[in-house]
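Heads up, the thing below is written out as structure tokens.
The values are calculated or read from the model by the stated rules, or taken from the named source; none is laboratory data. Values in this document were obtained by computation on a predicted structure and should not be read as measured data. In this analysis, Cβ positions are derived from the backbone assuming ideal geometry, glycine residues included, and neighbour counts consider all displayed protein chains. When the accessible area is computed, the model is the full protein with side chains, heavy atoms only, and any ligands, DNA or RNA have been set aside. Shrake-Rupley method; radii C 1.70, N 1.55, O 1.52, S 1.80 Å.
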Amino acid sequence: QVEVVESGGGLVQAGGSLRLSCAASGRTSNTYIMGWFRQAPGTEREFVALITSSGGYLDYADSVKGRFTISRDNAKNMVYLQMNSLKPEDTAVYYCGAAANVGGTSPNMYDYWGQGTQVTVSS
């Protein structure tokens, strides 16, 4: 069992930055693939970024490449999403997910989720 808790959301102007944090508790949480997803009102949850357990492989949605950076600190059981050059279209609830086996770009591949943190980018 893994508990996931996101934090760090807020209101920021376009062009600004935010860093989201995801705390993953559980004896084996640092062996999980971790992903960030987001969901705007009336839309499906969409992939943003993922990182493998070792941090050796990263993947990003095309819409955030070059602006967002995912990282993890296994000693602290933490995953981060540094978001720079934010745009109004980045406004959404951001969720952190943990995948025990095979992670990927579909939310169906993740076993545990946090409650989400709201990110609002004003123009």
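What to note about this one:
- Among (1) under 16 Å from Tyr60 (Cα atoms); (2) polar (S, T, N, Q); (3) under 15 Å from the mean Cα position of the chain (by Cα) - the single one Asn77 does not satisfy: (1)
- In this structure, Ser63 does not satisfy being more than 15 Å from Tyr110 (Cα to Cα), part of a strand (DSSP E or B) and among the polar types (S, T, N, Q).
- Any hit, region 35-47, residues being among the aliphatic types (A, V, I, L, M) and surrounded by 17 or more Cβ atoms within 10 Å (Cβ to Cβ): no
- Taken together, the residues in region 10-49 that are farther than 18 Å from Asp111 by Cβ and part of a loop (DSSP other than H, G, I, E, B) amount to 9.
- Members of region 1-50 that are among the hydrophobic types (A, V, I, L, M, F, W, C) and in contact with a Ser or Thr (Cβ under 7 Å, 6 or more places away or on another chain): Val2, Leu11, Ala14, Leu20, Ile33, Ala40, Phe47
- Residues satisfying the stated conditions in region 66-79, i.e. part of a strand (DSSP E or B) and closer than 22 Å to Ser122 by Cα: Phe68, Thr69
- Some residue of region 9-29 being open to solvent by 40 Å² or more (accessible area, probe 1.4 Å) and without any contact (Cβ under 8 Å) to a residue 12 or more places away in the chain: yes
- Filter pass, Gly56 being within 23 Å of Val2 (Cβ to Cβ) and open to solvent by 60 Å² or more (accessible area, probe 1.4 Å): yes
- Of all the numbered requirements in (1) more than 12 Å from the chain's Cα centre (by Cα); (2) aliphatic (A, V, I, L, M); (3) farther than 11 Å from Tyr94 by Cα, Ala61 misses one, and that requirement is (1).
- Of residues in region 66-123 being among the basic types (Lys, Arg) and open to solvent by 50 Å² or more (accessible area, probe 1.4 Å), the one farthest from Ala24 (Cα to Cα): Lys87
- Restricting the first member to region 49-61 and to residues that are at pLDDT below 95, and the second to residues that are polar (S, T, N, Q) and assigned to a loop (DSSP other than H, G, I, E, B), the beta-carbon pairs closer than 9 Å and six or more apart or on different chains are Ser53/Asn74; Ser54/Asn74; Gly55/Asn74.
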